[in-house]
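Here is the structure we will look at.
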Amino acid sequence: MINKAMIELPAQFKNRPPVNPDDKNFIDDKNNWRGAQGLAADIKYYGKILKSRAFDVLGRLYPKIDGKTVIAWLWARTVTCSNPACQRHMPLVHSFKLSTKQKIFVEPIVDGDKIRFEIRQGENVPEGTVNRNGARCLFCGTNVPLAHVRNEGKAGQLSAQMMAVVAEGLNGRIYLAPDEEHEKIAAVAKPEDFPEGELPDKALGFRVQEYGINEWHQLFTNRQLTALTTFSDLISEVKQQVQVDGGEKIYADALAVYLAFWIDKMTDRHSIICSWQDSASKMRNTFARQAIPLVWNFAETNPFSNSTSCFNNMLSDVVEDVQKMPAKKIGEAFRHSALEKFSLPPVMVSSDPPYYDNIGYANLSEFFYVWLRRPLKAIYPKLFGRLTFAKDNELIAEPARFENDKTAAKNFFEDGMFLALKNIFEVARADFPVTIYYAFKQQETEIGGTASTGWETMLTALIRAGFQITATWPMRTEMKSRMRSHDSNALASSIILVCRKRPLENNLCDKNEFLRELKAELRTALDKMQQANIAPVDMAQAAIGPGISVYSRHERITDMNDNAVSVRDALKIINAELDEYFNGQSRRLDSASQFCVDLFTQNAFNEIFFGEADVLARAKNISVGGLEDSGAVISSRGRVRLTDRDEIPALNDNRQLNKDWIETLAESNCVWLWVQSLVKIFDKAGIDGCGEFLTHFDGDTESLKNLAYRLYNICEKKNWAREGIGYNELVVEWQDILSKRAEFMQSKSSEPAQGKLF
């Protein structure tokens with residue numbers, strides 16, 4: 001359906017004026033409406049009509065508070081305390097913060113048998129009452145196991161209590177204590193006609209079933225269900241209005257598609273999986289990640305506000321997207337299983353295939369399917385004929401579909417991917433490459449190297465099908481605001497595998513020849529990747545391309561015993577070469593930095609005995625005392641450790657660059673300390689601070705970036721995700737930092753001789 005909305009419909013109605021009475025008589029300077037502009041104008045107009053009619057029906061459910069429009073109501077789940085002597089309804093709150101910037105939070109106050117919430121401002125934020133280890137009762141202090149919470153959920157005993165209200169103020173968000181009348185209004189009856197269907201028993205990304213949420217409608221409050229069903233039902237009224245205004249039925253149906261997508265976007269912002277982002281003071285949507293986890297304190301937004309996740313914002317997104325569509329040549333989008341042969345002439349192929357066992361798209365898509373089906377099943381009966389989304393033939397290595405047999409799941413994926421790629425091979429044009437988008441992170445470590453079942457199976461299928469990988473293009477596909485854990489580093493890019501049909505003569509090769517070709521080509525490719533500022537988190541994935549390109553140009557590679565070198569073996573070799581590449585860069589550092597990198601690799605920022613540090617230092621022809629004088633280490637009571645970044649005085653209390661520290665760095669010229677200072681400054685003062693700081697560095701700035709790559713690589717190997725984030729962010733923004741540095745240096749050169757140092 002998305003492809004039809006992008007490929008077929010805009011082209012079908014290209015260059016046509018809108019039918020709505022406000023716009024149909026408007027013409028531009030060339031007396032026409034270009035591309036999909038007319039279509040976009042009608043989506044905007046009739047979307048506003050739908051909103052107006054919806055408010056007539058639903059407005060009473062979204063009251064103002066103290067004369068101010070509500071943005072969101074923030075709720076805390078509650079459960080009965082497991083202590084038999086207590087048995088009160090205890091709130092389950094992950095965080096009481098409301099606004100990090102304004103330092104506003106909720107304070108829970110025990111008031112007899114109830115908890116009331118008050119809004120506070122300051123630093124003394126109460127600790128949350130629930131985490132992955134269990135919950136804590138605010139009434140009696142009992143530690144309640146999550147098993148009890150899950151059992152209560154399965155018994156239908158999880159409830160919710162309003163914790164705060166976010167409203168539109170004159171100068172931004174304002175936070176108000178919960179309102180009893182608003183809580184009563186929210187307690188509406190469930191609508192009679194809502195999309196029904198059961199959630200999968202076990203599926204990737206689903207973690208709500210163990211709390212008693214087993215059907216799709218349970219992911220919404222009754223007020224949300226009432227609103228979403230009303231929005232959907234009003235689409236048929238709007239279609240009639242389009243025809244009254246002179247539009248053909250086929251055009252009214254097309255507009256219904258985009259209005260249905262608009263409402264589908266609303267479902268992503270109107271569920272009990274949504275939460276409030278205290279750092280940005282806005283809503284976090286349902287699919288902040290490709291999963292449906294339980295959210296302890298959730299946010300219910302007001303679609304009729306003028307702020308985050310409202311009707312107008314979602315409508316604007318759809319309108320802007322349609323305006324940008326090329327709407328030129330009419331194409332056709334049709335559904336066809338990749339496991340079946342195509343009846344097509346030679347075509348150019350570009351595909352984003354399933355990512356092994358990473359994301360269960362079919363199950364997750366049902367969240368949207370059940371709402372799209374409601375207004376569109378009469379228009380596209382073949383696409384929406386099923387009550388639920390088709391999942392049986394999804395190409396995914398999900399053990400739950402094979403009685404938890406991982407081997408069977410792996411074989412299913414690899415055999416199916418081979419068959420799909422073989423079918424693609426037969427119809428792919430020889431004069432255009434096939435491009436495969438892949439963003440699956442390597443995460444398996446074995447004795448002898450690192451590999452990944454996801455990458456192994458994909459690459460094996462590609463090579464078996466007759467393709468060779470000729471290039472890779474890392475492409476930034478993820479938003480900077482995407483949700484991530486502090487204990488993980490998410491890929492920032494998709495790796496585009498560029499494939500061509502392997503020449504028939506490239507059949508056999510021995511392992512030694514493969515290693516020679518790999519060493520000759522991989523390092524050149526890695527140099528280019530670093531120069532292009534590929535994010536360190538993406539480097540291991542990007543390195544697969546030029547490495548596996550050497551491997552895949554041969555149908556079979558054998559060792560001295562005539563045993564085949566598998567894709568998994570090749571991945572281990574490629575990752576070992578990547579490690580050696582970064583190790584080689586470390587060896588070109590100054591002695592103090594080499595010492596710091598070695599100590600960091602062995603022990604992070606933890607202490608070691610002085611004797612051990614002294615031996616390591618002497619091997620670099622330096623001393624612990626000299627390292628301490630430079631600020632690189634701290635030595636005390638027979639122990640030595642690397643100076644923590646919090647202890648590096650790169651900035652003064654007012655976040656200005658510390659002149660004394662810069663003079664110390666200039667004397668030691670320790671690249672390690674420059675990088676650690678940059679990470680700290682980036683966190684506190686951003687790109688501008690780093691750019692100004694680098695004006696005082698006289699060496700090769702590439703050495704700083706290369707060390708950041710190396711340190712991230714170490715963090716990745718050691719699973720130090722939190723530590724690795726700083727190095728990754730530094731490299732990602734490196735070009736902007738250098739540009740800012742150039743601006744500061746230009747400004748300095750134009751100042752009089754007696755100008756300021758900073």
For Kirkwood radius over Cα pairs in Å, calculated from these coordinates, the label among [x] 29.2; [y] 30.0; [z] 27.5: [y]
Rel. contact order, % - alpha carbon contacts under 8 angstrom, at least six apart, the chain: 10
Fewest-first sequence of M560, M283 by Cβ atoms within 10 Å of each Cβ: M560, M283
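Compare the peptides 318-324, 509-515 by average per-residue count of other Cβ atoms within 10 angstrom and give them in order, highest first.
Numbers: 318-324: 17.4, 509-515: 15.4.
Taking the mean over residues of other Cβ atoms within 10 Å, the ranking is 318-324, 509-515.
Would you kindly state how much longer the chain becomes between Q746 and S159 on full extension, computed as 0.36 nm times their sequence separation minus their alpha carbon distance, in nm to one decimal? Walk me through the numbers before you get to the answer.
On the way: separation 587, 0.36 × 587 = 211.32 nm, distance 6.12 nm.
Gain on extension, Q746 to S159, equals 205.2 nm.
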Simple label model, 7 Å out from Cα along Cβ direction - N171 to T435, nm: 4.8
Three-way shape label, region 269-361, alpha-carbon gyration tensor, a/c 1.5: oblate
Built amide H within the under 5 Å cut-off of V144, gap 5+: A135, R136, C137
Mean residue ellipticity (222 nm) of the chain, computed from DSSP H runs ≥ 4 via -39,500 (n - 2.57), nearest 500: -14000 deg cm²/dmol
Charge dipole magnitude, Cβ of K and R +1, D and E -1 - the chain, Cα centre, debye nearest 20: 1260
Violating pairs (Cα-Cα greater than 24 angstrom) within the set K705/K740; K684/K740; K249/K377; K391/K501; K184/K239; K249/K329: K391/K501; K184/K239
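Loop-only check: which chymotrypsin sites (Phe, Trp or Tyr not before Pro) in region 314-368 are DSSP coil with at most 10 other Cβ within 10 angstrom?
Details: sites: F334, F342, Y355, Y356, Y361, F367, F368; in loops: F334, F342, Y355, Y356.
Those that pass, being in a loop and sparsely packed, are F334.
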Spin-label model distance (nm) - A666 vs E332, 7 Å beyond Cα toward Cβ: 7.2
Sites matching trypsin sites (Lys or Arg not before Pro) across region 119-172 that sit in DSSP coil, with at most 13 neighbouring C-beta atoms within 10 Å: R132
Charge-dipole axis of the chain as Lys and Arg at +1 and Asp and Glu at -1 on Cβ define it, positive-most pick from Y211, H182, Q290: H182
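Given the Cα-Cα distance of Q656 and Q87 and 0.36 nm per residue of separation, how much length would full extension add, in nm? Before the final figure, lay out each step's value.
Working: separation 569, 0.36 × 569 = 204.84 nm, distance 5.37 nm.
Here the segment from Q656 to Q87 would lengthen by 199.5 nm.
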R284 long-range amide H proximity, modeled H, under 5 Å: S275, W276, Q277
FRET efficiency estimate (nearest 0.05) - Cβ-Cβ, F342 to I634, R0 56 angstrom: 0.30
Protection proxy ranking of 185-194, 73-82, 287-296, 701-710 - average other beta-carbon atoms within 10 Å, highest first: 73-82, 701-710, 287-296, 185-194
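Where in the chain are the DSSP H helices whose C-alpha atoms run 15 Å or more along the long axis and whose mean Kyte hydropathy is at least 0.5?
Details: long enough: 37-58 (31 Å, 0.09); 222-244 (34 Å, -0.15); 249-269 (30 Å, 0.27); 311-324 (20 Å, -0.33); 361-376 (22 Å, 0.07); 406-427 (32 Å, 0.20); 453-464 (16 Å, 0.37); 511-531 (30 Å, -1.07); 536-552 (24 Å, 0.64); 567-587 (30 Å, -0.60); 591-603 (18 Å, 0.12); 671-694 (20 Å, 0.72); 701-718 (26 Å, -0.78); 721-732 (16 Å, 0.12); 734-749 (22 Å, -0.93).
Those that pass (Cα extent of 15 Å or more, hydropathy at least 0.5) are 536-552, 671-694.
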Cα-projected label distance for L146 with V57, points at 7 Å along beta-carbon direction, nm: 3.9
Extended-chain gain in nm, criterion 0.36 nm per residue less alpha-carbon gap, E183 and S316: 44.9 nm
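Please arrange E723, E332 by counting, for each residue, the other beta carbons lying within 10 Å of its beta carbon, fewest first.
Values: E723 18, E332 9.
Taking fewest neighbouring Cβ atoms as first place, the list is E332, E723.
Here, each number is a calculation from the coordinates, and none is a lab measurement. The structure presented is a predicted model; accordingly, all values stated were derived computationally and were not measured. Backbone-built Cβ (ideal geometry, glycine too); neighbour counts: all protein chains shown.
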